[in-house]
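Colleague: Before I ask anything, let me first share the structure, which is written out below as structure tokens.
The values are calculated or read from the model by the stated rules, or taken from the named source; none is laboratory data. Quick caveat, the model's predicted, so the values are computed rather than measured. All Cβ positions, glycine included, derive from the backbone under ideal geometry; neighbour counts span all protein chains shown.
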Amino acid sequence: MKVAVSSSGTNLDSPLDPRFGRASYFLIIDTDTLAFEVKVNDQNMNLPQGAGIQAGKIVANCGVDCLITGNCGPKAYNVLQAAGIKVFTGTKGNIKEVVELFKNGALQYSQGPNVDGHWV
Amino acid sequence: MIVTVASGKGGTGKTTVAVNLAVTAAEAITRTETIKATQLVIAPENPENFVELIDCDVEEPNAHLFVKPQNVVKQEISTMVPAVDMALCTFCGECEKICRFSAITMIAKKIMIFPEMCHSCKGCVMVCPTGAIKEGARVLGSLLTGQSSHGFNLTWGELRVGEAMSPPLIKQVKKTITCGSGRSNSISEDINNKLSIVDAPPGTSCPAVTTLRGSDFALLVAEETPFGLNDLALTVEALKKLGVPMGIVINRADNDQKGIIDDYAEKENIEIMQRIPFSREAAKICSKGLLLVNELPEMKQCFKELYLKIVSRITQNAKESKYKKTSTKTATSSSDNSIVGRS
């Protein structure tokens, strides 16, 4: 299964980035082989608004089934919903640990956004 | 001429100054003194409607609580947002490409619209090759107007609860302003034509900037606190960029003793136009929704002096700068194109 994880770094030992829209990277991981691809999420950094929507699009275009992150707001959640991606929020730790937890079924997917949208 | 009352920090007394200034300016006796003071001014064509008060603090309008207008007319204000006819959509993605705010996004053969992100530029409508995007509407709030018993009209906006974007509504409220630079043939005509006193929202972000842009003069109501000074300085910087001349009113002033605002004003070379003394009595009057100029003779005097100073200053500024008439159309379109970046 292909999952996307918001990450502060570019390898599996990196800590998960709790932000979704403005996460530094997304690691697109094959949970069976742990092979991964790095997606740089820098096009959002200078956007005043709409980072969640753009990040949602990036993840959707990678054809993943699930997204594991810390916080996900309402607009990003809607985009991910539309793309049929399951969202796991409130996750912490390094990427490897997180993927392990996911594989063991220790993570529960969210029924909705876990944070409010914000205006800058 | 447009005089905008602004502050930076909230709660410094913008509305108190705006409403009391409007009532003062609307009085016939003040008009006679204005004519004497400025010499430029001749008898207004329509003295009954010389003053208008515009409350642009659409998030919390409160001038009407003091003015108590009659015959209030309310009108709903909307802004354009895209509405997609899915039967015509070919999923070409052009709308998504042009949108700087991710307000229209294509996901897995679905077009998602985030109306709260939309800045109503109509770019998506224009680029859609099949005409699938129609102009829909999102309600921003209301535009209200009524007559004060003091002989002027009050116009104000009320932002819809839950709406985050106030500048489009503020622009609609500002469209009701009937005077301002460039709309008359000469300085004296403009000063004579009408005085629009505009109550601005606090802060220095888009709502305040939208309100202040195009004003002939900004009156900054300041309070003598470190917080008050900090926010005043931010507003002064914004006004310098907007090219709006300004003066300061110190509210709840510590009588004659000079304070931090005086030091700052001296450094920045900004005129302190009036000091409204700290008064428990004044606070009581305001809390009852009454007008200082009607209740306290010393306040009546205080606002009259302030008003005359403002008019003299504007006259002076106008004499120094070359007066140019621009068509109303240009003035409007330049402000419409100003939606950039954040809201």
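Colleague: Does residue A:74 count as under 21 Å from residue B:107 (Cβ atoms), within 13 Å of chain B (Cβ to nearest Cβ) and modelled with pLDDT under 95? I'd like the intermediate steps shown before the answer.
Modeller: On the way: under 21 Å from residue B:107 (Cβ atoms): yes; within 13 Å of chain B (Cβ to nearest Cβ): yes; modelled with pLDDT under 95: yes.
Taking the combined requirement at face value, the residue satisfies it.
Colleague: Checking the structure you have, find out if any residue of region B:131-147 is closer than 28 Å to residue A:79 by Cα and at pLDDT below 90. So that I can check it myself, show each step before the final result.
Modeller: Taking region B:131-147 and keeping what is closer than 28 Å to residue A:79 by Cα, we get B:131-141.
Next, only the ones that are at pLDDT below 90 stay: none.
No: zero hits.
Colleague: Follow-up. Hey, can you tell me all the residues within region B:87-118 that are more than 10 Å from every other protein chain (Cβ to nearest Cβ) and not β-branched (Val, Ile, Thr)?
Modeller: Listed by number, the residues that qualify are B:87, B:88, B:89, B:91, B:92, B:93, B:94, B:95, B:97, B:115, B:118.
Colleague: Return the total of residues in region B:272-284 being touching a helix residue (DSSP H, G or I) at 6+ places or on another chain (Cβ under 7 Å) and either surrounded by fewer than 12 Cβ atoms within 10 Å (Cβ to Cβ) or not in a helix (DSSP H, G or I) (or both).
Modeller: Total satisfying the criteria: 4.
One line per residue, one yes/no per condition, for (1) surrounded by 24 or more Cβ atoms within 10 Å (Cβ to Cβ); (2) modelled with pLDDT of 95 or more:
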position	(1), (2)
B:200	yes, yes
B:203	no, no
B:210	yes, yes
B:219	yes, yes
B:224	no, no
B:234	no, yes
B:237	no, yes
B:243	no, no
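Colleague: Another one. Which condition breaks for residue B:102 when tested against (1) farther than 25 Å from residue B:59 by Cβ; (2) buried (at least 22 other Cβ atoms within 10 Å of the Cβ)?
Modeller: Here residue B:102 clears every test but (1).
Colleague: OK, next. I'd like to check something: does region A:100-116 contain any residue that is surrounded by 17 or more Cβ atoms within 10 Å (Cβ to Cβ) and within 12 Å of chain B (Cβ to nearest Cβ)?
Modeller: No, the conditions are met nowhere in region A:100-116.
Colleague: The conditions are (1) within 14 Å of chain B (Cβ to nearest Cβ); (2) assigned to a loop (DSSP other than H, G, I, E, B); (3) of a type in the set (S, T, N, Q), and residue A:10 fails exactly one of them. Which is it?
Modeller: Residue A:10 satisfies every listed condition except (1).
Colleague: For the list (1) on the phi < 0 side of the Ramachandran plot; (2) within 14 Å of another protein chain (Cβ to nearest Cβ), I need the number of the one condition that residue B:162 fails.
Modeller: (1)
Colleague: Going through A:23, A:4 one at a time, which residue ends up being under 18 Å from residue A:113 (Cβ atoms), in a strand (DSSP E or B) and not hydroxyl-bearing (Ser, Thr, Tyr)? Steps first, answer last, please.
Modeller: Values: A:23 fails: in a strand (DSSP E or B).
None of the other options fit; the residue is A:4.
Colleague: Identify the residue in region A:35-54 that is over 30 Å from residue A:104 (Cβ atoms) and assigned to a helix (DSSP H, G or I) and, among all such residues, is nearest to the other protein chains (Cβ to nearest Cβ).
Modeller: Restricting attention to region A:35-54, the residues satisfying the condition of being over 30 Å from residue A:104 (Cβ atoms) are A:42-51, A:53-54.
Checking which are assigned to a helix (DSSP H, G or I) leaves us with A:51, A:53-54.
Details: A:51: 8, A:53: 4, A:54: 6 Å.
The selected residue is A:53.
Colleague: Further, regarding this structure: Go through region B:119-150 and give me each residue that's surrounded by fewer than 17 Cβ atoms within 10 Å (Cβ to Cβ), assigned to a loop (DSSP other than H, G, I, E, B) and either within 14 Å of chain A (Cβ to nearest Cβ) or under 23 Å from the mean Cα position of the chain (by Cα) (or both).
Modeller: Result: B:149, single match.
Conditions tested, residue by residue: (1) assigned to a helix (DSSP H, G or I); (2) crowded, with 20+ Cβ neighbours inside 10 Å.
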| site | (1), (2) |
| --- | --- |
| A:33 | no, no |
| A:56 | yes, yes |
| A:59 | yes, yes |
| A:63 | no, no |
| A:67 | no, yes |
| A:70 | no, no |
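Colleague: List every residue pair whose Cβ atoms sit under 9 Å apart, with the two residues 6 or more apart in sequence or on different chains, where the first one lies in region B:252-273 and is more than 15 Å from residue B:218 (Cα to Cα) and the second, anywhere, is assigned to a loop (DSSP other than H, G, I, E, B) and small (Gly, Ala, Ser).
Modeller: Listed by first residue and then by second, the contacts come to B:252/B:13; B:252/B:279; B:253/B:259.
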